[in-house]
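Worksheet for the structure shown next.
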Amino acid sequence: MKLLYILEALGVLAAMAGGVVICDTNRFVVRKYTLSSKKIDSPYHFVMLSDLHGKSFGKANERLMKEIDRINPEGVYIAGDMITAKPGKDFSATAAFIRELSEKYPVYYGSGNHEYRMEIYKKKYKDMSERFETAIRHKGLERLKNRKISVKNRNITVYGVEIDREFYKKTHVPKMTGAYLEKKLGRPDRSRFNILIAHNPSYFPAYAEFGADLVLSGHVHGGIARIPFLGGVISPALRLFPKYDGGRYREGESVMILGRGLGTHTIPVRFLNPGELVEVIVNPR
(Lines give C-alpha, C1' and ligand atoms only; values in the text may rest on other atoms or scores of the structure.)
Protein backbone atom coordinates (compact mmCIF):
# COMPACT_ATOMS: atom_id res chain seq x y z
CA MET A 1 0.00 0.00 0.00
CA LYS A 2 2.84 2.40 0.86
CA LEU A 3 4.44 1.72 -2.53
CA LEU A 4 1.13 2.52 -4.22
CA TYR A 5 0.99 5.90 -2.48
CA ILE A 6 4.55 6.65 -3.59
CA LEU A 7 3.75 5.73 -7.19
CA GLU A 8 0.62 7.86 -7.12
CA ALA A 9 2.59 10.80 -5.73
CA LEU A 10 5.23 10.36 -8.43
CA GLY A 11 2.51 10.24 -11.06
CA VAL A 12 1.01 13.50 -9.79
CA LEU A 13 4.43 15.17 -9.78
CA ALA A 14 5.14 13.95 -13.31
CA ALA A 15 1.79 15.28 -14.50
CA MET A 16 2.47 18.64 -12.84
CA ALA A 17 5.93 18.82 -14.39
CA GLY A 18 4.46 17.97 -17.79
CA GLY A 19 1.93 20.75 -17.39
CA VAL A 20 4.69 23.25 -16.59
CA VAL A 21 6.67 22.13 -19.65
CA ILE A 22 3.67 22.54 -21.96
CA CYS A 23 2.88 25.95 -20.47
CA ASP A 24 6.45 27.31 -20.47
CA THR A 25 7.22 26.03 -23.96
CA ASN A 26 4.24 27.91 -25.38
CA ARG A 27 4.32 31.23 -23.55
CA PHE A 28 6.67 34.16 -23.10
CA VAL A 29 7.20 36.86 -20.50
CA VAL A 30 8.55 40.40 -20.76
CA ARG A 31 11.77 40.94 -18.82
CA LYS A 32 12.63 44.61 -18.29
CA TYR A 33 16.09 46.06 -17.62
CA THR A 34 17.19 49.63 -17.00
CA LEU A 35 20.73 50.98 -17.06
CA SER A 36 22.37 54.35 -17.44
CA SER A 37 25.20 55.98 -19.36
CA LYS A 38 26.73 59.43 -19.48
CA LYS A 39 27.16 58.94 -23.24
CA ILE A 40 23.47 59.52 -24.04
CA ASP A 41 21.36 62.58 -23.34
CA SER A 42 17.83 61.13 -23.30
CA PRO A 43 16.32 57.68 -22.58
CA TYR A 44 16.74 55.06 -25.29
CA HIS A 45 14.02 52.40 -25.23
CA PHE A 46 14.18 49.17 -27.23
CA VAL A 47 13.34 45.47 -27.22
CA MET A 48 15.54 42.47 -27.88
CA LEU A 49 14.54 39.09 -29.31
CA SER A 50 16.67 35.99 -29.62
CA ASP A 51 16.40 32.29 -30.40
CA LEU A 52 12.90 32.30 -31.85
CA HIS A 53 13.81 29.20 -33.91
CA GLY A 54 10.70 29.55 -36.04
CA LYS A 55 8.32 29.50 -33.06
CA SER A 56 5.00 31.28 -33.55
CA PHE A 57 2.99 32.66 -30.65
CA GLY A 58 -0.41 32.76 -32.30
CA LYS A 59 -1.13 33.12 -36.00
CA ALA A 60 1.65 35.10 -37.71
CA ASN A 61 3.20 35.60 -34.25
CA GLU A 62 0.39 37.99 -33.41
CA ARG A 63 0.82 37.65 -29.62
CA LEU A 64 4.49 38.56 -29.83
CA MET A 65 3.84 41.43 -32.22
CA LYS A 66 1.04 42.75 -30.02
CA GLU A 67 3.37 42.86 -27.01
CA ILE A 68 6.09 44.64 -28.99
CA ASP A 69 3.53 47.16 -30.22
CA ARG A 70 2.35 47.71 -26.63
CA ILE A 71 5.92 48.54 -25.59
CA ASN A 72 6.33 50.74 -28.70
CA PRO A 73 10.14 50.66 -28.75
CA GLU A 74 12.48 52.97 -30.63
CA GLY A 75 14.17 49.92 -32.10
CA VAL A 76 14.10 46.13 -32.22
CA TYR A 77 17.33 44.20 -31.70
CA ILE A 78 17.66 40.60 -32.81
CA ALA A 79 20.44 38.57 -31.19
CA GLY A 80 20.37 35.66 -33.63
CA ASP A 81 18.81 32.25 -34.25
CA MET A 82 15.44 33.43 -35.46
CA ILE A 83 15.31 30.24 -37.53
CA THR A 84 16.64 26.71 -37.16
CA ALA A 85 19.18 25.59 -39.75
CA LYS A 86 17.70 22.38 -41.10
CA PRO A 87 17.74 21.37 -44.78
CA GLY A 88 14.33 21.89 -46.30
CA LYS A 89 13.03 23.91 -43.34
CA ASP A 90 10.26 26.37 -44.22
CA PHE A 91 11.09 29.78 -42.78
CA SER A 92 8.51 31.84 -44.70
CA ALA A 93 6.37 32.61 -41.62
CA THR A 94 9.37 33.78 -39.59
CA ALA A 95 10.63 35.87 -42.51
CA ALA A 96 7.21 37.52 -42.82
CA PHE A 97 7.25 38.33 -39.10
CA ILE A 98 10.71 39.93 -39.39
CA ARG A 99 9.58 41.97 -42.42
CA GLU A 100 6.52 43.17 -40.52
CA LEU A 101 8.75 44.24 -37.63
CA SER A 102 10.99 46.19 -40.00
CA GLU A 103 7.97 47.97 -41.49
CA LYS A 104 7.15 49.35 -38.03
CA TYR A 105 10.50 49.80 -36.29
CA PRO A 106 14.22 50.07 -37.04
CA VAL A 107 15.45 46.49 -36.76
CA TYR A 108 19.09 45.60 -36.02
CA TYR A 109 19.66 41.93 -36.77
CA GLY A 110 22.82 40.14 -35.62
CA SER A 111 23.58 36.56 -36.63
CA GLY A 112 23.32 33.49 -34.45
CA ASN A 113 25.03 30.19 -35.07
CA HIS A 114 22.06 28.93 -37.11
CA GLU A 115 22.13 31.84 -39.58
CA TYR A 116 25.92 31.50 -39.76
CA ARG A 117 25.74 27.74 -40.28
CA MET A 118 23.56 28.18 -43.36
CA GLU A 119 26.11 30.62 -44.79
CA ILE A 120 29.20 28.46 -44.46
CA TYR A 121 27.93 24.92 -45.11
CA LYS A 122 26.75 25.40 -48.69
CA LYS A 123 26.89 21.71 -49.57
CA LYS A 124 24.40 20.87 -46.82
CA TYR A 125 22.13 23.92 -46.92
CA LYS A 126 22.53 24.89 -50.59
CA ASP A 127 20.90 28.31 -51.16
CA MET A 128 18.93 28.47 -47.88
CA SER A 129 20.96 31.40 -46.55
CA GLU A 130 20.45 33.46 -49.70
CA ARG A 131 16.72 32.67 -49.78
CA PHE A 132 16.34 33.67 -46.14
CA GLU A 133 18.22 36.94 -46.65
CA THR A 134 16.04 37.73 -49.67
CA ALA A 135 12.86 36.87 -47.75
CA ILE A 136 13.60 39.22 -44.84
CA ARG A 137 14.96 42.12 -46.89
CA HIS A 138 13.24 45.42 -46.17
CA LYS A 139 14.39 49.02 -45.93
CA GLY A 140 13.76 49.08 -42.17
CA LEU A 141 16.09 46.12 -41.52
CA GLU A 142 19.81 46.45 -40.86
CA ARG A 143 21.55 43.09 -41.22
CA LEU A 144 24.70 43.41 -39.15
CA LYS A 145 27.21 40.79 -40.23
CA ASN A 146 30.57 42.05 -38.97
CA ARG A 147 29.62 45.66 -39.50
CA LYS A 148 28.32 48.67 -37.61
CA ILE A 149 25.67 51.33 -38.01
CA SER A 150 24.89 54.57 -36.20
CA VAL A 151 21.44 55.00 -34.66
CA LYS A 152 19.80 58.02 -36.22
CA ASN A 153 19.91 61.17 -34.08
CA ARG A 154 21.62 59.27 -31.25
CA ASN A 155 25.19 59.03 -29.96
CA ILE A 156 24.86 55.26 -30.36
CA THR A 157 26.71 52.81 -32.59
CA VAL A 158 25.42 49.27 -33.08
CA TYR A 159 27.78 46.44 -34.00
CA GLY A 160 26.84 42.94 -35.09
CA VAL A 161 29.53 40.26 -35.00
CA GLU A 162 29.64 36.81 -36.60
CA ILE A 163 32.22 34.84 -34.63
CA ASP A 164 33.99 31.95 -36.34
CA ARG A 165 32.68 28.40 -36.02
CA GLU A 166 35.50 27.34 -33.68
CA PHE A 167 33.88 29.50 -30.98
CA TYR A 168 30.75 27.33 -31.03
CA LYS A 169 32.45 23.97 -30.51
CA LYS A 170 31.10 21.80 -27.72
CA THR A 171 34.32 20.12 -26.64
CA HIS A 172 36.62 23.12 -26.41
CA VAL A 173 36.21 26.81 -25.59
CA PRO A 174 39.00 28.74 -27.32
CA LYS A 175 40.16 32.05 -25.92
CA MET A 176 38.80 35.17 -27.57
CA THR A 177 40.36 38.62 -27.26
CA GLY A 178 39.25 42.15 -27.93
CA ALA A 179 41.84 42.26 -30.71
CA TYR A 180 40.01 39.47 -32.52
CA LEU A 181 36.84 41.57 -32.49
CA GLU A 182 38.70 44.67 -33.64
CA LYS A 183 39.89 42.74 -36.71
CA LYS A 184 36.27 41.96 -37.56
CA LEU A 185 34.62 45.24 -36.56
CA GLY A 186 37.29 47.93 -36.33
CA ARG A 187 38.15 49.94 -33.23
CA PRO A 188 35.12 51.47 -31.51
CA ASP A 189 34.78 55.16 -30.73
CA ARG A 190 34.76 55.19 -26.92
CA SER A 191 32.96 58.55 -26.87
CA ARG A 192 29.85 56.86 -28.28
CA PHE A 193 27.52 54.39 -26.58
CA ASN A 194 28.50 51.13 -28.28
CA ILE A 195 25.99 48.27 -28.46
CA LEU A 196 27.36 44.90 -29.56
CA ILE A 197 25.01 42.16 -30.75
CA ALA A 198 26.96 38.98 -30.02
CA HIS A 199 24.93 35.78 -30.01
CA ASN A 200 27.20 33.64 -27.83
CA PRO A 201 27.56 35.06 -24.28
CA SER A 202 30.50 32.81 -23.35
CA TYR A 203 32.97 35.45 -24.54
CA PHE A 204 31.65 38.40 -22.57
CA PRO A 205 35.12 39.32 -21.20
CA ALA A 206 36.37 39.74 -24.81
CA TYR A 207 33.31 41.82 -25.73
CA ALA A 208 34.05 44.07 -22.74
CA GLU A 209 37.72 44.32 -23.71
CA PHE A 210 36.64 45.34 -27.23
CA GLY A 211 34.81 48.33 -25.76
CA ALA A 212 31.13 47.41 -25.83
CA ASP A 213 29.08 49.45 -23.36
CA LEU A 214 26.16 47.05 -23.79
CA VAL A 215 26.24 43.48 -25.11
CA LEU A 216 23.05 41.77 -26.29
CA SER A 217 23.24 37.96 -26.37
CA GLY A 218 21.15 34.81 -26.53
CA HIS A 219 22.10 31.24 -27.50
CA VAL A 220 21.78 29.54 -24.08
CA HIS A 221 17.94 29.37 -23.98
CA GLY A 222 18.02 30.08 -20.26
CA GLY A 223 19.58 26.67 -19.68
CA ILE A 224 16.47 24.90 -21.11
CA ALA A 225 15.27 23.96 -17.61
CA ARG A 226 15.84 26.08 -14.52
CA ILE A 227 16.28 24.94 -10.95
CA PRO A 228 15.51 27.45 -8.19
CA PHE A 229 18.71 28.91 -6.65
CA LEU A 230 20.90 26.98 -9.13
CA GLY A 231 19.82 28.54 -12.43
CA GLY A 232 19.87 27.09 -15.93
CA VAL A 233 20.73 23.41 -16.18
CA ILE A 234 22.55 23.00 -19.49
CA SER A 235 24.00 25.11 -22.30
CA PRO A 236 24.02 24.35 -26.05
CA ALA A 237 27.68 23.39 -25.56
CA LEU A 238 26.41 20.68 -23.17
CA ARG A 239 27.92 22.33 -20.09
CA LEU A 240 26.01 21.92 -16.86
CA PHE A 241 24.94 25.05 -14.97
CA PRO A 242 26.59 27.53 -17.34
CA LYS A 243 28.01 30.74 -15.88
CA TYR A 244 25.92 32.84 -18.25
CA ASP A 245 22.36 31.51 -18.49
CA GLY A 246 20.18 34.61 -18.57
CA GLY A 247 19.90 38.06 -17.05
CA ARG A 248 22.24 41.01 -16.52
CA TYR A 249 26.00 40.69 -16.09
CA ARG A 250 28.80 43.22 -15.64
CA GLU A 251 32.45 43.15 -16.67
CA GLY A 252 34.25 46.37 -15.80
CA GLU A 253 32.28 49.18 -17.47
CA SER A 254 30.42 46.78 -19.79
CA VAL A 255 26.97 45.31 -19.21
CA MET A 256 25.64 42.19 -20.93
CA ILE A 257 21.94 41.46 -21.15
CA LEU A 258 21.43 37.81 -21.97
CA GLY A 259 17.97 36.91 -23.22
CA ARG A 260 16.60 33.46 -22.46
CA GLY A 261 15.22 33.17 -25.98
CA LEU A 262 11.74 32.51 -27.27
CA GLY A 263 11.73 29.13 -29.01
CA THR A 264 13.41 25.75 -28.80
CA HIS A 265 15.36 23.29 -30.92
CA THR A 266 16.99 19.87 -30.42
CA ILE A 267 15.55 19.63 -26.89
CA PRO A 268 12.06 21.03 -27.58
CA VAL A 269 11.06 21.83 -24.01
CA ARG A 270 11.26 24.58 -21.42
CA PHE A 271 10.80 23.98 -17.71
CA LEU A 272 10.39 26.84 -15.21
CA ASN A 273 11.85 28.83 -18.08
CA PRO A 274 9.26 30.53 -20.32
CA GLY A 275 10.27 32.33 -23.49
CA GLU A 276 11.46 35.88 -22.99
CA LEU A 277 10.98 39.19 -24.74
CA VAL A 278 13.56 41.62 -23.38
CA GLU A 279 12.75 45.30 -22.84
CA VAL A 280 15.64 47.71 -22.21
CA ILE A 281 15.74 51.37 -21.22
CA VAL A 282 19.10 53.15 -21.23
CA ASN A 283 18.83 56.37 -19.22
CA PRO A 284 21.23 59.31 -19.21
CA ARG A 285 23.46 59.47 -16.17
(request) For region 158-184, name all the residues that are within 18 Å of Ser111 (Cβ to Cβ), modelled with pLDDT of 95 or more and surrounded by 15 or more Cβ atoms within 10 Å (Cβ to Cβ). (result) Val158, Tyr159, Gly160, Val161, Glu162, Ile163, Met176, Tyr180, Leu181, Lys184
(message) Name the residue that is farthest from the chain's Cα centre (by Cα), counting only residues in region 212-231 that are small (Gly, Ala, Ser) and crowded, with 24+ Cβ neighbours inside 10 Å.
(response) Ala212
(request) Filter region 173-204 down to residues that are small (Gly, Ala, Ser) and in a loop (DSSP other than H, G, I, E, B) and give me whichever is farthest from Arg117 (Cα to Cα). (result) Ser191
(message) If I ask for residues that are in a strand (DSSP E or B) and loosely packed, with under 12 Cβ neighbours inside 10 Å, which ones from region 16-28 would you list?
(response) none
(message) Can you find a residue that is among the aromatic types (Phe, Trp, Tyr) and in contact with an Asp or Glu (Cβ under 6 Å, 6 or more places away or on another chain) anywhere in region 104-117?
(response) yes
(request) Please enumerate the residues belonging to region 138-152 that are in contact with a Lys or Arg (Cβ under 9 Å, 6 or more places away or on another chain) and at pLDDT below 95. (result) His138, Gly140
(message) Take the residues in region 189-204 that are without any contact (Cβ under 8 Å) to a residue 60 or more places away in the chain and not small (Gly, Ala, Ser); name whichever of them is surrounded by the most Cβ atoms within 10 Å (Cβ to Cβ).
(response) Leu196
(request) Name the single residue, out of those in region 157-171 being out of contact with any helix residue (DSSP H, G or I) (no Cβ under 8 Å at 6 or more places or on another chain) and part of a loop (DSSP other than H, G, I, E, B), that is nearest to Met48 (Cα to Cα). (result) Asp164
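The values are calculated or read from the model by the stated rules, or taken from the named source; none is laboratory data. Worth saying up front: this structure is predicted, and the values here are computed from it rather than measured. Using ideal geometry, Cβ is built from the backbone for each residue, glycine included, and neighbour counts are taken over all protein chains shown.
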